[in-house]
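Here's the structure, in structure tokens; my notes come after.
The values are calculated or read from the model by the stated rules, or taken from the named source; none is laboratory data. These numbers come from a predicted model, not from an experiment. Neighbour counts are summed over all protein chains in view; Cβ atoms, including those assigned to glycine, are modelled from backbone coordinates with ideal geometry.
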Amino acid sequence: MSDTGSLLTSLDCRSCCAQVDPSHAVGTCPACGHALLATYDLAKLTRDDWKHDLHHRGASLWRYRELLPVQRTEDIVTLGEGFSPILPLGEVREAPGVRLLLKDDGGLPTGSFKARGMSVAVSRAKELGIRTVFVPSAGNAGMALSAYGSRAGLAVRVYLPERTPAPMKEGCRAYGAEVVEVPGTLREAGAAARAAEARSGSFDMSTLREPYRVEGKKTMGLEIFEQSADDDFPSAIVYPTGGGTGLIGMYKAFQELRALGFLERIPRLYSVQPEGCAPVVRALRDGAASVTPWADPHTVAPGLLVPSPFASERILEAVRESRGGGVTVRDRAMVEAMEMLARRHGISASPEGAATYAALSSLVRDGAIRSGETVLLYNTGSGLPFSIPELERSLSPGESTDVPSEPRADRD
Ligand SMILES: Cc1ncc(COP(=O)(O)O)c(C=O)c1O
Ligand SMILES: [Zn+2]
């Protein structure tokens, strides 16, 4: 029996239309192996009553519990995640006439938006009786799983690429997780994890191979809607894409809000990827239905080093159906943008989050974003685990940066 009011009804595969009973632990679609997404009985929610109820709820993502999968309040594993601020950046030189906003998830528990997904997925794992979990991660997902897993009393194993920033490796260990370091990218970490865990009986919490992390990510879209006044609701959202859960989650949120009668117009979603690993942007450009793996991936942004995202069909759908697009940025521009956000706006952004700022000039030049619009950049994580001088040193020779030690006078 649900005492959270969750309206979860089933898990659905959009690739083969299979429907799965959500009352037991399941990963991917048993029929075709693609991602499963949660379906809710939205007809049971009356728009105005819900709006009224929300006024009386706390500022965490659990305020949206009807649209989340957890059934029992006692199973909610929370560290106070969600309801991050939307900060106005005003008008900047890179985007003349655009009203720029930045939603900052850098202050969430464990320092990134990954807290949203892991809070919901770990709560659900606890509810379904799972005892041991594992995840391949670029760092942030591992940190979040380690923290929420510790709070839920689960055993956690995290598979990290060897080059993951040391504070993230140490962070996972500090929360009591077992850390396995793997040479290569997230792809190699994923393969090593699945091979090692095949007969261990532990549960795979990888991006979109588990159906509930994306439900937590969905709250990014729910919050953007709820936190915006009518004339402030962004017409476009610029988001850094690795595994794609953020884009898929936000698009799902906007679809649910539209079905509930809250929303007519879904913001255009723009996917930002580094030049050295841009499988989603390339597939958008080529009109492909899914991505082909990116050969020789490289970037300084660990969360964007995903050469072959698992649920690429859903990512491409979200971008195309929202009438958004894709854009690449150079690593050097990302590092410059980190510095700019810190020095000009007081915002500590991860390289991934800063990539959205770095993408602005191309988006404006291509006519994707126009003067008069309200545009939201999503900072997915804190810059604190990163050293800007170290990032500069790791740029490939053609990318060596000339970021000045003082902010440039000609920039906003
Ligand atoms: C800080 C940060 N931003 C963005 C991403 C990409 O996430 P996704 O595309 O799954 O939303 C990651 C993933 O590791 C990350 O750590
Ligand atoms: Zn299927």
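Among residues of segment 20-32 that are more than 8 Å from ligand 2 (Cβ to nearest atom), those with a beta-carbon under 6 Å from a residue that is of a type in the set (Asp, Glu) at least six positions away or on a different chain give the pairs GLY27/ASP204; GLY27/GLU210. Considering every residue within segment 243-253, establish whether at least one is without any contact (Cβ under 8 Å) to a residue 12 or more places away in the chain and either surrounded by fewer than 24 Cβ atoms within 10 Å (Cβ to Cβ) or in contact with an Asp or Glu (Cβ under 6 Å, 6 or more places away or on another chain) (or both). The answer is no; no qualifying residue exists.
Does VAL135 meet the test of being in a strand (DSSP E or B) and either surrounded by fewer than 24 Cβ atoms within 10 Å (Cβ to Cβ) or within 19 Å of the chain's Cα centre (by Cα) (or both)? Spelling it out, VAL135 is indeed in a strand (DSSP E or B) and either surrounded by fewer than 24 Cβ atoms within 10 Å (Cβ to Cβ) or within 19 Å of the chain's Cα centre (by Cα) (or both). Here THR110 clears all of (1) without any contact (Cβ under 8 Å) to a residue 40 or more places away in the chain; (2) on the phi > 0 side of the Ramachandran plot; (3) of a type outside the set (Phe, Trp, Tyr) except the condition numbered (1). In segment 337-358, the residue that is surrounded by the most Cβ atoms within 10 Å (Cβ to Cβ) out of those that are away from ligand 1 (no atom under 13 Å from the Cβ), aliphatic (A, V, I, L, M) and in contact (Cβ under 8 Å) with a residue 24 or more places away in the chain is ALA358. Considering only residues that are within 19 Å of VAL133 (Cα to Cα) and either without any contact (Cβ under 8 Å) to a residue 12 or more places away in the chain or of a type outside the set (Gly, Ala, Ser) (or both), which ones fall in segment 33-48? Selection gives LEU36 alone.
Okay, residues lined up against (1) in contact with a Phe, Trp or Tyr (Cβ under 8 Å, 6 or more places away or on another chain); (2) not in a helix (DSSP H, G or I):
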| residue | (1), (2) |
| --- | --- |
| PRO234 | no, yes |
| TYR239 | yes, yes |
| LYS252 | no, no |
| GLU264 | no, yes |
| CYS277 | yes, yes |
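In the set PHE225, PHE262, only one residue is surrounded by fewer than 24 Cβ atoms within 10 Å (Cβ to Cβ) and farther than 19 Å from GLY324 by Cβ; that residue is PHE262. One residue stands out in segment 1-19 among those that are over 24 Å from the mean Cα position of the chain (by Cα) and within 16 Å of ligand 2 (Cβ to nearest atom): the one that is farthest from GLN71 (Cα to Cα), namely CYS16.
Scanning segment 317-336 for residues that are over 13 Å from VAL300 (Cα atoms) and either away from ligand 1 (no atom under 13 Å from the Cβ) or modelled with pLDDT under 95 (or both) yields GLU317, ARG320, GLU321, SER322, ARG323, GLY324, GLY325, VAL327, THR328.
Looking across LEU54, LEU87, LEU67, one residue alone is of a type in the set (A, V, I, L, M) and either within 16 Å of ligand 1 (Cβ to nearest atom) or out of contact with any strand residue (DSSP E or B) (no Cβ under 9 Å at 6 or more places or on another chain) (or both). It is LEU54. Checking each residue in segment 1-15 for being out of contact with any Leu (no Cβ under 7 Å at 6 or more places or on another chain), surrounded by fewer than 17 Cβ atoms within 10 Å (Cβ to Cβ) and either part of a strand (DSSP E or B) or not small (Gly, Ala, Ser) (or both) picks out MET1, ASP3, THR9, SER10. Just a yes or no: is a residue in segment 51-63 within 18 Å of the chain's Cα centre (by Cα), of a type outside the set (A, V, I, L, M, F, W, C) and surrounded by fewer than 22 Cβ atoms within 10 Å (Cβ to Cβ)? Yes. With respect to the stated conditions, GLY82 fails to be buried (at least 24 other Cβ atoms within 10 Å of the Cβ), touching a strand residue (DSSP E or B) at 6+ places or on another chain (Cβ under 7 Å) and not hydrophobic (A, V, I, L, M, F, W, C). Scanning segment 33-57 for residues that are closer than 13 Å to LEU67 by Cβ and either among the polar types (S, T, N, Q) or within 14 Å of ligand 2 (Cβ to nearest atom) (or both) yields a total of 2. Among the residues of segment 52-89, the ones that are assigned to a loop (DSSP other than H, G, I, E, B) and β-branched (Val, Ile, Thr) come to 4 in all.
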